[in-house]
1. Among (1) surrounded by 19 or more Cβ atoms within 10 Å (Cβ to Cβ); (2) in contact with a helix residue (DSSP H, G or I) (Cβ under 7 Å, 6 or more places away or on another chain); (3) in a loop (DSSP other than H, G, I, E, B), where does residue 176 come up short?
2. Would you say residue 132 is out of contact with any helix residue (DSSP H, G or I) (no Cβ under 8 Å at 6 or more places or on another chain) and without any contact (Cβ under 8 Å) to a residue 24 or more places away in the chain?
3. Exactly one condition in (1) part of a loop (DSSP other than H, G, I, E, B); (2) out of contact with any helix residue (DSSP H, G or I) (no Cβ under 9 Å at 6 or more places or on another chain) is false for residue 122; which is it?
4. For the range 64-95, enumerate the residues that are at pLDDT below 90, in contact with a strand residue (DSSP E or B) (Cβ under 6 Å, 6 or more places away or on another chain) and part of a loop (DSSP other than H, G, I, E, B).
5. Pairs only if they're at least six apart or on different chains, beta carbon under 8 angstrom, first in the range 166-180 and at positive phi and touching a residue at least 40 places away in the same chain (Cβ under 8 Å), second surrounded by 18 or more Cβ atoms within 10 Å (Cβ to Cβ) and outside any loop (DSSP other than H, G, I, E, B); list them, first residue then second.
6. Name the residues in the range 123-135 that are more than 20 Å from residue 89 (Cβ to Cβ) and surrounded by 18 or more Cβ atoms within 10 Å (Cβ to Cβ), would you?
7. Look at residue 113 and say whether it is part of a loop (DSSP other than H, G, I, E, B), under 22 Å from residue 41 (Cα atoms) and either in contact with a strand residue (DSSP E or B) (Cβ under 6 Å, 6 or more places away or on another chain) or at pLDDT 90 or above (or both).
8. Filter the range 158-170 for residues that are assigned to a loop (DSSP other than H, G, I, E, B) and buried (at least 16 other Cβ atoms within 10 Å of the Cβ); which is modelled with the highest pLDDT?
């Protein structure tokens, strides 16, 4: 079963709302391996100065404190998809998870490792169904916030995921998906 955007956004929201837990410290080599995996999410210029976090037994552990306002992690499910979000995108993700109105800011998310799929119409869906327009986008970036929906890109429930499109159209969490490669892309 694929994990949706909602599932990993829930974990991300923990970072935005609670203090980061300090779990048992892994060895330096395992931290180094984790940082290497997470670094596939974004260009090196972003990941080299990003905060790196890791989910451990229900808590978030800071692997490395960064200086550039990006937070990077491996998302749960399917081997861990790497993702990096800026400060505004983290606020937006928190709104998605808590079903709160999204902030009036524009945020940016890198997912250069692609995703495992999500409903294009239901932010809370956790698995594909005959009615939730499941779409898998290969390597991509996201522009989140209401302004992203005014850019004139298609807002179909069944998008061509090889081209920029609005995900979750007609919801307060609509955002722009911008594929940077067609590898791993599957449209409904």
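The values are calculated or read from the model by the stated rules, or taken from the named source; none is laboratory data. Keep in mind it's a predicted model, so treat the numbers as computed, not measured. Heads up, the Cβs are rebuilt from the backbone with ideal geometry, glycines too, and the neighbour counts pull from every protein chain shown.
1. Result: residue 176 fails condition (3) only.
2. yes
3. Residue 122 satisfies every listed condition except (2).
4. Within the range 64-95, 80 is the sole residue that qualifies.
5. Cβ pairs passing all conditions: 168/175.
6. We begin by selecting, within the range 123-135, every residue more than 20 Å from residue 89 (Cβ to Cβ); these are 125-134.
Hits for the range 123-135 are 125, 128, 132, 133, 134.
7. In short, yes.
8. 164
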